[in-house]
Structure formats: C-alpha cells, structure tokens
1. Taking the alpha-carbon set of the range 159-230, what are its Rg and Dmax in Å?
2. Put one equal scatterer on each alpha carbon of the range 41-106, apply the Debye formula with no solvent term, and list log10 I(q)/I(0) at q = 0.13, 0.23, 0.25 1/Å to two decimals.
3. Before I look further, what does the range 143-198 give for accessible area per residue, probe 1.4 Å, in whole square angstrom?
4. What does the extension gain come out to for L304 and A282, with contour length at 0.36 nm per residue minus their alpha carbon separation?
5. Within 12 Å, Cβ to Cβ, of G100, how many net charges do the neighbouring residues add up to if Lys/Arg are +1 and Asp/Glu are -1?
6. Carbon and sulfur atoms: what percent of the 1.4 Å accessible area of the range 138-271 do they account for?
7. Return the sequence-ordered ³J(HN,Hα) values of the range 253-260 in whole Hz as given by the Karplus equation 6.51 cos²θ - 1.76 cosθ + 1.60 applied to θ = phi - 60°, using x for Gly and Pro.
8. Report the label-to-label distance for D253 and E311 in nanometres (one decimal), using points 7 Å from each Cα along the Cα→Cβ vector.
Amino acid sequence: MKGGLPFRPVILGCVFLVGYGVSPGWSEGKSSALPFLTLDVSARSAGMGGAQVAVVDDATAVLSNPAALRRLIRPTVSMFHSSYVGSSFFDFVGVGRRVGRTGAFGVGAQFLSQGRLERIDTEGNTTGNFSPNDAALSFGYAGEFGGTFLGVGGKYIRSSLSDTASTFAGDAGILSPPLMDQTVRLAAVVSNLGPEIKYKSKSESLPTQGRAGVRFEANAQWNFAADIVFPIAGDIYSALGGEYHVPLDGSLDVFLRGGYNTRAKGMDSLSGFSGGIGFGHALFDVDYALVTLGDLGLSHQFSLTFRFGPETKPPTPKKFPPGLPRNLNE
C-alpha cells in the first residue's frame, strides 16, 4: 500500500483504542451522567444513523474523531443546532484548520439546555423554577504518520442541575489512510475518559465509550458507513448509514441520506431511523436531518459548515539526483 502504514498495524491500532476505552470497568448495570457528551454534533452524521468516526471531514471532528481534523483542506467553521422534547435544544460550534506540514487542530463548544422546569420539594409543592443545562469546551490536535492520522483531545465539562459541578475528560482517535483501491477507511475513537463529576450530594461516572467505524465508497455516487459503539454504561449498539451524491450543474451538489441506530431499539417500531438532505459547495455545506425518538417524537437537526482561505496542498517531496539517498543522514 503506497503512502500509508501497513494494513495490519492500522487494524491493531483501532482495536487497541476501542479495547482500552471500554475495558476499565465495562459491565452491564453501570450508569453514567452527562449523556449530552454522546450526542451527534453533525446533521450529516445524524442523517446517516450516527455513523461518523470514519466519515467526519469538518470541524466537528474535534468531538467525533480528533484524528480526522487532519482531513481539513481549508480552515473550517462548523455549527449545529438540534431541537428535542419541549423547549430543550442542543448546540455546537467548532473551528478547525491544518498547521505545519503534518498537523491540525480544532476547538469547539457544545451546550445542552433542558428548558425551564419547575422545582418541586419532597412534599410535592412547587418552590420555583430552574433551567438545567450542560456545557463543554473542547480542543483537539491531529498528526499524520505515514498516511495514518492520530489525534488527541481534551474537554472542560460543566453541568448545572440542582447543583453545579465540573470536570475534565480526554479523547483519542485514529483514522487509516484510504485502503483497498481508495474505497475504504477504518477508524476508532475512545471518548470521555476522565474522573467522575462530583455534585454536592453524589458523584457520577462520565459516559466513556469506545467506537470503531468503517467507511466504504462504493462509487462516485454511493457512500456507506457503519460504527459499533461500546459504552462503559449500557448495551453495545451500532450505527448504520448511507449517502447518495447527486451532482448538479455548476459547483453545487446534493446529498440524500438515511440510517438506523440500534441504541433506540425497543422504544417503538420507528425508533432509531433517520434521514436527511445536504447541499454541498467548495466553500460551504448546509445539512438537515430528521431523527425519530419513539414516544418522544422527532428531532430536527441542522448544520452549517463554512470553509475559507486557500486549500492546503500536501508538501512537495524533495527531489534528489539519481543514486543519492532520499534522507541525507542515511
């Protein structure tokens, strides 16, 4: 395979990351807090059932897979909004760009509001209102090593319920070079590794999870993706999705998407299905997804991505006269 690490080390790296993330204490019956840390931050991903770690190619990679920040070809800004039950909503904004010959970095912020709720005492009396919310500030860095991308990230997390608490967490990811005639990418991520978040009255574990994924580009029109997720709390689940590319005249493209996520199995017959549409241009993307939530209804999710500045070109390899070593230190 040209331009990349051997196939076997890439596989082993993916397996190691997922195994490391889920092995410490993974068991059924374990619970965790802050589920907003596992929500989609891209309407493209949501429309494809949540499959993301081998697909992401914008600034949302700072959360989805920090290794994929290296895929950015221009400085990129990504924004996301999702509506949930009642007045609750979830927002994300992130920025990413390449740095140097082999690096890339990104920063992001996410915010979940659960709306305005009544505060009720132990006797059932209303004592006022409160607005629970969760927020996180994240950063990530990616490097390229022989065509394989490796990334690490960290985040500061703040949660406001009846009490306010904060903690830190880390992420790590790997993304393979294109394999099998440029049609396949493999990826793995471990996310939300960190200490428990401590409220005044109790402590809760973070939603640590390992995720492995694959992207398969069948042809110029069809793109498929699949993730399998190993949460430290809860059952293993999978995310499956497909994307159909419709090129239009000029520089605009349309993408039709569909997917299914088994995390919502058992809620009702339609839970877990999703679909979406996207409009792509060299300088921007506009995406929409509709996600089924069973008895909780539907979630409408929107993304905007802007790319600006010149494209980052790969480094030009040095040329040496015939017979001389490529590395003068050899």
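1. Here Rg and the maximum Cα pair distance are 18.1, 56 Å.
2. Each listed q maps to, in turn, -0.37, -0.92, -1.03.
3. Solvent-accessible surface per residue comes out at 40 Å².
4. 6.6 nm
5. Net charge in that neighbourhood comes out at +3.
6. Carbon and sulfur atoms account for 60 percent of the accessible area of the range 138-271.
7. Using θ = phi - 60°, the values come out as 10, 10, 10, 9, 9, x, x, 8 Hz.
8. Reported label-point gap for D253 and E311 is 1.2 nm.
The values are calculated or read from the model by the stated rules, or taken from the named source; none is laboratory data. Remember, it's a predicted structure, so these values are computed and weren't measured experimentally. With ideal geometry, Cβ positions are generated from the backbone for all residues, glycine too; neighbour counts draw on all protein chains shown. Please note that ligands, DNA and RNA were not included when accessible areas were found on the heavy atoms of the full protein model with its side chains. Shrake-Rupley method; radii C 1.70, N 1.55, O 1.52, S 1.80 Å.
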